[in-house]
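Have a look at the structure below before the remarks.
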Amino acid sequence: MIDPDDIGYNTTDNPSFSTMVDARLSRRNLLRGSFATAGGAMLGSISLAACGGGDDDPAPPAAGLKLGFNPVAKSLADAVVVPAGYTASVLYRLGDPIATGVAAYKNDGTDDPATYDRRAGDHHDGMTWFGVGANGRWDAKASGRGLLVMNHESLTPVFLHPAGRTVVKGQRTVPSEVVREFYLHGVSVIETTKGSDGKWSYKQDSAFNRRVHTLTPMELSGPARGVDAAKTRYSANGTRTRGTVNNCANGTTPWGTYLACEENWYGYFYRTSASDDARRSARELAAIKRYGVGPQEFYGLWGTTQGAADAEQQDTFDRWNLDVKGEAATADYRNVHNTYGWVVEIDPFTPDSTPRKRTALGRFGHEGACLGRVEAGKPLVWYMGDDARNEYIYKYVSNKNWDPQDATGGLAAGDKYMDDGRLYVARFKADGTGEWLELALGKNGITSSNAAYGFADQADVVLHARLAADAAGATKMDRPEWTAVNPKTGDVYVTLTNTNASSRPIDKTDAANPRFYNDPKGSAQTAQTGNPNGHIVRFAENAGNAGTTFTWDVYLFGARSTAGADVNVSGLTADNDFSSPDGLWFSQASAGLAWLQTDDGAYTDVTNCMMLAAVPGKVGDGGRKTLINKSGDTTRTQETIVGAKPGEKDTQLKRFLIGPKGCEITGIAESGDGRAIFVNIQHPGEDTKDADIGDPSKFQSHWPDGGSARPRSATIVITRTDGGVVGV
Ligand code: FEO
Ligand code: CA
Ligand code: CA
């Protein structure tokens, strides 16, 4: 199966070296093959001026916080491995019932499709634990009772039906299978409690329990509400849509609501391109192409489904087919893709509330939306990655300043802060500074006469944020995944999971995406070239949430610990080496403690995916470095700025957990006191072949149920045997 986020749609030639100085250095690099001496010295002097002094040695913010466990070894076992002194228990598996009267999951593909709107979805991903106070409302300090809210990103189809998907001549012919898949996407809200024995469970009959899925009605909110481009057969006035898909990472608000982000949504739609192209305007086609919407379809041919029970059900299948069919947009689903690609706000404390898609935060392949520092009287900010190769990093800043009285405001507070604000995209410069470029009509080249796409108004800008960011000259990144903010320093971290040589060749490195190499593999796999192990960039705002400049460095480079110094740039050891960083989240209970999770396909000859604990330092705690990149006979140098290596200046990094075979580790949350953490194990056994569904001995994994069971995505809860705070 193709991983849609491995495909890039950014064909602009946006330079990463975007200033005169940058361009000059780039040419030097090309001509001389090396500028380590002359260029390096020059960059150093620029850095001192631009960063406002360069030689202060930042005080180690990590001081005092110590990781309190022995690291676990890399593993290829079909098991969850945690350090000695810790217990990992399974809490919430694919198919588990969340309402009274719903039977236990048989897990053989025969469970009644109509019950899946009251069962755990598949592919558990980003999540948040919201403490519940005695009054039944949100209480950030509560520790024994909370609502666990999580995304269900996607599916492992081979295990969902009796024998995989039924597809005849390229069409889905069993509607009930498709209904099951609709329900298995979206979001879960479940009430969790800690028993008097210290064990955690979810409450099957809680009135808070809820599934949001692909059929749940949603409101469009903000600038793109009610625009012509959002009008469909379902919503003639363009104010509503049905459901959410591919919810990857997540986010929170200061008023206790949850943000589910729509990542590879475009992979669910298809078009019959030859006939459809002729019925669309050049502008529509430019937008469709930039977002990768059709004609490819990656996720299950939902729009081909035949044999619906009635016209109403057929409509739920037809809406994945974008072909222009009728006279008017309200007669078909030519525009429905414009109602996806947003950040979706859900109020878990009001189970019958209608989720709102917050369009002011822009439309792209949203990985997550991390809330920045919250201060009374200051604007709120969310940081966001667009997860596809060569895409960008964004932030949204509210126009209204934060009023702590809105902490109980629910979705109305969302209307106030998230429907009215400014969207920015990041440009990283070689000198270690960066700029936020505002995506607003009339600014930064975003005009009606823009050559690639002429923008009509601000709604058009947020709808086509990628095209606006192209025009503004944003920096292409090595696949931005999670964003995370260190509560101790305010530094913002962005995982850049990996890229390959065809997406970002050796002559397209830049200071913030600096590495290019060949990753040798074990006998079972082929070598990967580019930046297959990924890295993590971080930055400090120079003027607070609403500021427009920042200072950056590379916090960590993923690598095999056995790799050479130009690949293992961060000096990783056997206790902390990793590849393809994805999930990244800072504990709120233990300020300064970070959790890093991997979604890897490169180091998998040696280890399953993992989670590490980190105590990072801060931006600027390392220094400049010249990397020597190699591709065949070509050698090129690249200047960059690297943070302190783990172990230097009180920084720490240790491997905490390994997952079972075929999984990724993604999504983490904690109880209010930090004595329990919740971690998602996504798609164990996903490399099992469709043809092997009848032979359990050939399943890649049987986790978590063991024996000959089909594997299931699941949430685990991890506690310390002595009841202490996890990780430290
Ligand atoms: Fe769904 Fe970007 O991982
Ligand atoms: Ca992810
Ligand atoms: Ca990923």
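Residue by residue through segment 473-483, note down the ones that are away from ligand 1 (no atom under 14 Å from the Cβ) and either surrounded by 24 or more Cβ atoms within 10 Å (Cβ to Cβ) or charged (D, E, K, R) (or both).
Result: Ala474, Thr475, Lys476.
Quick one: would you say Val174 is away from ligand 3 (no atom under 16 Å from the Cβ), closer than 17 Å to Gly303 by Cβ, among the hydrophobic types (A, V, I, L, M, F, W, C) and surrounded by fewer than 21 Cβ atoms within 10 Å (Cβ to Cβ)?
Judged against the criteria, Val174 is a match.
Scan segment 388-400 and tell me whether some residue there is open to solvent by 20 Å² or more (accessible area, probe 1.4 Å) and on the phi < 0 side of the Ramachandran plot.
Looking for residues that are open to solvent by 20 Å² or more (accessible area, probe 1.4 Å) and on the phi < 0 side of the Ramachandran plot, one finds at least one in segment 388-400, hence yes.
Name the residue, out of Gly377, Gly365, that is of a type outside the set (Lys, Arg) and open to solvent by 10 Å² or more (accessible area, probe 1.4 Å).
Gly377
Which of the following residues is surrounded by 20 or more Cβ atoms within 10 Å (Cβ to Cβ), more than 16 Å from ligand 3 (Cβ to nearest atom) and of a type in the set (S, T, N, Q): Thr128, Thr193?
Exactly one residue qualifies, and that residue is Thr128.
Please state which of the following conditions Thr529 fails to meet, knowing it meets all the rest: (1) modelled with pLDDT under 95; (2) within 16 Å of ligand 2 (Cβ to nearest atom).
(2)
Being more than 23 Å from Thr12 (Cα to Cα) and within 16 Å of ligand 3 (Cβ to nearest atom) narrows it down to one residue among Gly410, Gly368; which is it?
That would be Gly368, the only listed residue that is more than 23 Å from Thr12 (Cα to Cα) and within 16 Å of ligand 3 (Cβ to nearest atom).
Residues to consider are Gly534, Gly583; find the one that is surrounded by 24 or more Cβ atoms within 10 Å (Cβ to Cβ), at positive phi and within 16 Å of ligand 2 (Cβ to nearest atom).
Just a single option satisfies the conditions, and that option is Gly534.
Return the residue satisfying two criteria in turn: it lies in segment 661-678 and is hydrophobic (A, V, I, L, M, F, W, C) and within 16 Å of ligand 3 (Cβ to nearest atom), and of such residues it is nearest to Val725 (Cα to Cα).
Per the criteria, the residue is Ile668.
Looking only at segment 457-491, count how many residues are more than 16 Å from ligand 3 (Cβ to nearest atom), more than 19 Å from Val619 (Cβ to Cβ) and of a type outside the set (Asp, Glu).
Residues meeting the conditions: 16.
Condition first: in a loop (DSSP other than H, G, I, E, B), more than 22 Å from Leu584 (Cβ to Cβ) and of a type in the set (S, T, N, Q). Now tell me which residues in segment 495-526 satisfy that.
Answer for segment 495-526, where residues must be in a loop (DSSP other than H, G, I, E, B), more than 22 Å from Leu584 (Cβ to Cβ) and of a type in the set (S, T, N, Q): Ser502, Thr509, Ser523, Gln525, Thr526.
Thr635 - would you say it is among the hydroxyl-bearing types (Ser, Thr, Tyr), surrounded by 17 or more Cβ atoms within 10 Å (Cβ to Cβ) and touching a residue at least 24 places away in the same chain (Cβ under 8 Å)?
No, not satisfied.
Tally time: how many residues in segment 103-131 are touching a residue at least 60 places away in the same chain (Cβ under 8 Å) and over 15 Å from Arg712 (Cα atoms)?
10
Which strands (runs of 3 or more DSSP E) sit wholly inside segment 216-319 and have at least 2 residues that are crowded, with 21+ Cβ neighbours inside 10 Å and touching a residue at least 60 places away in the same chain (Cβ under 8 Å)?
Answer list for segment 216-319: 217-221, 247-252, 258-262.
Which residues, counting only those in segment 84-106, are within 28 Å of the chain's Cα centre (by Cα) and part of a loop (DSSP other than H, G, I, E, B)?
Leu94, Gly95, Asp96, Ile98
Among the candidates Ile681, Ile658, single out the residue that is over 25 Å from Val167 (Cα atoms), within 16 Å of ligand 3 (Cβ to nearest atom) and either open to solvent by less than 10 Å² (accessible area, probe 1.4 Å) or at pLDDT below 95 (or both).
So the residue among Ile681, Ile658 that is over 25 Å from Val167 (Cα atoms), within 16 Å of ligand 3 (Cβ to nearest atom) and either open to solvent by less than 10 Å² (accessible area, probe 1.4 Å) or at pLDDT below 95 (or both) is Ile681.
This table checks each residue for (1) away from ligand 2 (no atom under 16 Å from the Cβ); (2) in contact with a helix residue (DSSP H, G or I) (Cβ under 7 Å, 6 or more places away or on another chain); (3) of a type outside the set (A, V, I, L, M, F, W, C).
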residue	(1), (2), (3)
Thr214	yes, yes, yes
Gly222	yes, yes, yes
Ala229	yes, yes, no
Tyr234	yes, no, yes
Thr239	yes, no, yes
Cys248	no, no, no
Thr252	yes, no, yes
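Report whether or not Tyr258 is out of contact with any Gly (no Cβ under 6 Å at 6 or more places or on another chain), farther than 24 Å from Gln314 by Cα and of a type in the set (Phe, Trp, Tyr).
yes
Across segment 686-699, what is the number of residues that are over 21 Å from the mean Cα position of the chain (by Cα) and within 27 Å of Leu584 (Cα to Cα)?
So the count comes out to 1.
Inspect all residues belonging to segment 269-287 and state whether any of them is of a type in the set (Gly, Ala, Ser) and either within 16 Å of ligand 1 (Cβ to nearest atom) or in contact with a strand residue (DSSP E or B) (Cβ under 6 Å, 6 or more places away or on another chain) (or both).
No, segment 269-287 contains no residue that is of a type in the set (Gly, Ala, Ser) and either within 16 Å of ligand 1 (Cβ to nearest atom) or in contact with a strand residue (DSSP E or B) (Cβ under 6 Å, 6 or more places away or on another chain) (or both).
Filter segment 604-619 for residues that are open to solvent by 10 Å² or more (accessible area, probe 1.4 Å) and more than 20 Å from Met477 (Cβ to Cβ); which is farthest from ligand 3 (Cβ to nearest atom)?
Applying the filter and picking the extreme gives Lys618.
I need every pair where a residue in segment 682-697 that is on the phi > 0 side of the Ramachandran plot has its Cβ under 8 Å from the Cβ of a residue that is open to solvent by 30 Å² or more (accessible area, probe 1.4 Å), sequence separation at least 6 or different chains.
Gly685/Lys661; Gly685/Gln700; Gly685/His702
Is it true that some residue in segment 286-299 is in contact with a Leu (Cβ under 6 Å, 6 or more places away or on another chain) and modelled with pLDDT of 95 or more?
Yes, segment 286-299 contains a residue that is in contact with a Leu (Cβ under 6 Å, 6 or more places away or on another chain) and modelled with pLDDT of 95 or more.
Restricting to segment 684-728, name every residue that is open to solvent by 40 Å² or more (accessible area, probe 1.4 Å), hydroxyl-bearing (Ser, Thr, Tyr) and more than 20 Å from Asn608 (Cα to Cα).
Answer for segment 684-728, where residues must be open to solvent by 40 Å² or more (accessible area, probe 1.4 Å), hydroxyl-bearing (Ser, Thr, Tyr) and more than 20 Å from Asn608 (Cα to Cα): Ser708, Thr721.
For Gly674, work out the one condition from (1) under 19 Å from the mean Cα position of the chain (by Cα); (2) part of a loop (DSSP other than H, G, I, E, B); (3) within 27 Å of Tyr202 (Cβ to Cβ) it doesn't fulfil.
(1)
Taking segment 123-138 as the search range and keeping residues that are in a strand (DSSP E or B) and over 10 Å from His152 (Cα atoms), which one is nearest to ligand 1 (Cβ to nearest atom)?
Thr128
Among the aliphatic types (A, V, I, L, M), open to solvent by 10 Å² or more (accessible area, probe 1.4 Å) and either outside any loop (DSSP other than H, G, I, E, B) or within 16 Å of ligand 1 (Cβ to nearest atom) (or both) - does that describe any residue in segment 197-207?
Within segment 197-207, none of the residues are among the aliphatic types (A, V, I, L, M), open to solvent by 10 Å² or more (accessible area, probe 1.4 Å) and either outside any loop (DSSP other than H, G, I, E, B) or within 16 Å of ligand 1 (Cβ to nearest atom) (or both).
The values are calculated or read from the model by the stated rules, or taken from the named source; none is laboratory data. Predicted model, so just to flag it, every value in this text is computed and none were measured. Using ideal geometry, Cβ is built from the backbone for each residue, glycine included, and neighbour counts are taken over all protein chains shown. Areas reflect the complete protein model, heavy atoms only, side chains present, ligands, DNA and RNA absent. Shrake-Rupley method; radii C 1.70, N 1.55, O 1.52, S 1.80 Å.
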